[in-house]
Amino acid sequence: MENVIIVGTGCAGLTAAIYTARANLSPLVLEGRMPGGQLTTTTAVENFPGFPEGIEGPDLIMLIHRQAEKFGARFRYGVVEEFEPGTPHRLKVDGEWIEARAIIVASGASPRYIGLEGESALIGHGLTSCATCDGAFYRDVPVCVVGGGDSACEEATFLTRFASTVYLIHRRDTLRASKIMADRALANPKIKPLWNSTVSAFLTDAAGEVRGVRLRDTRNASESDLEVKCVFVAIGHEPNTSAFRGILATDENGYLVQKHGTGTNIPGVFAAGDVADHVYRQAITAAGQGCAAAIDAERWLASGG
């Protein structure tokens, strides 16, 4: 039986691995379908402390991974299929049941993309889901945001600090965002809404970078091309909690609910990073939550849990 099993190897899971390994808990870390999490799809990371020249997302993950291994964390590829709480807790991983006294769920969230052909290859090459991460790379050039909710309005407003023009592409003729967010976005002279429009294709240059999008009018199916240097998709995220739903408490969108720090409704099960955080969604905040979850788990185990 394991002392601690950590589900996920993004910033939250790997930081939890460092802390639990240094506490001599010999954690087992489960790497899922996307080892390294969303950072592995990010090119340059310029806002993680300690890297004044920036660092590639996969390189940052590799360094944190190596640090966790140095202190004794063990890694295993596998996807959690089922969860049974108890003493001990049980996880079914690729058909095999494994047990642990404590579990840290740091399985992250997956951004929703449009679903167009060739989309995955463009992520990090002019297609992204994070304006805070990538907006500064697109100074004085036109970009677009796809979506009509609060996130889309927030992303568009943020991008006006850098881009020359921010096109806000929405399939309807009114935003579904809250009135205050919608009003703020539409009042910004740099934001130009494109109503009744969807993206039907990405246009790329010879280097394989995004150079524009093809728009389809939802009323008459006519198409037109729009030149932009980056497409920011803001149509939501899907927390990776399918194996835990119905057992661990979630909010209406499926994010794990934390209480008393990083605890969940099941004693001995903790949540960290984007699987619970739908507000900040940054590498540094995920790492901080991974640290907190590790400390919470260590203290829970020390108290006889």
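Every number here is computed from the coordinates shown, using simple stated rules; none is lab data. Just so it is clear, the model here is predicted, and its values are computed rather than measured. Every residue, glycine as well, gets a Cβ built from its backbone with ideal geometry; the counts of neighbours run over all protein chains shown.
Before moving on, here are some points about what is shown:
- Placed amide H near residue 127: partners under 5 Å, 5+ positions off or other chain: 231
- In angstrom, the C-alpha Rg and Dmax of the range 119-233 are 13.1, 41.
- Binning the alpha carbon pair distances of the chain at 20 angstrom intervals from zero yields the distribution 33, 51, 16, 0, expressed in whole percent.
- Backbone N within the range 271-305 under 14 Å of label point (7 Å from residue 24 Cα along the Cβ vector): 302
- Cβ crowding within 10 Å, taken as a proxy for footprinting-reagent exposure, orders 141, 7, 228 from fewest neighbours to most as 141, 228, 7.
- Fraction of antiparallel bridges per DSSP, the range 1-105 only, in percent to nearest 5: 50
- Between 0 and 90°, nearest 10: helix 11-22 axis offset from the chain longest Cα axis: 20
- Relative to the dominant Cα principal axis of the chain, helix 57-70 is inclined by about 10°.
- Treating r as the C-beta distance of residue 117 and residue 186 and R0 as 45 Å, the FRET efficiency rounds to 0.90.
- Net charge, residue 140 excluded, C-beta distance under 12 Å - Lys, Arg +1, Asp, Glu -1: +4
- Taking 7 Å steps out from each Cα toward its Cβ at residue 219 and residue 84 produces label points 5.9 nm apart.
- Distance distribution note for the range 225-273: the fraction of Cα pairs above 15 angstrom is 55%.
- Rounded to 5, the percent of DSSP beta bridges in the chain classed as antiparallel: 50
- Between residue 53 and residue 207, full extension at 0.36 nm per residue minus the direct alpha carbon distance yields a gain of 53.0 nm.
- Once you reduce the range 115-145 and the range 155-209 to the center of their Cα atoms, the two points are 12 Å from each other.
- Label-point separation in nm, residue 176 to residue 70, each point 7 Å along Cα→Cβ: 4.7
- Cβ-isolated cysteines (cut-off 4.7 Å), the chain: 11, 144, 153, 230, 291
- Computed over the range 39-120, the alpha-carbon pair-distance distribution with 10 angstrom bins reads 14, 29, 33, 20, 3, each value a whole percent.
- When the Cα positions of 206, 228, 160 are compared along the charge dipole of the range 119-233, 160 comes out farthest toward the positive end, with charges on each C-beta of Lys, Arg, Asp and Glu.
- For the range 55-214, radius of gyration divided by Kirkwood radius, i.e. Rg to Rh on alpha-carbons: 1.09
- Beta bridges by DSSP in the range 119-233, antiparallel share as percent, to the nearest 5: 45
- Remark on residue 212: its backbone amide H falls under 5 Å from those of 203, 228, a criterion applied only to residues 5 or more positions apart or on other chains, H modelled at 1.01 Å from N.
- Within straight-line cross-link reach of residue 179, lysines at Cα separation under 24 Å, skipping those fewer than 8 residues along the same chain: 190, 192
- Against the chain, whose longest principal axis is taken from its Cα atoms, helix 283-302 shows a tilt of about 20°.
- Net charge of neighbours whose Cβ lies under 11 Å from the Cβ of residue 263, counting Lys and Arg as +1 and Asp and Glu as -1: +1
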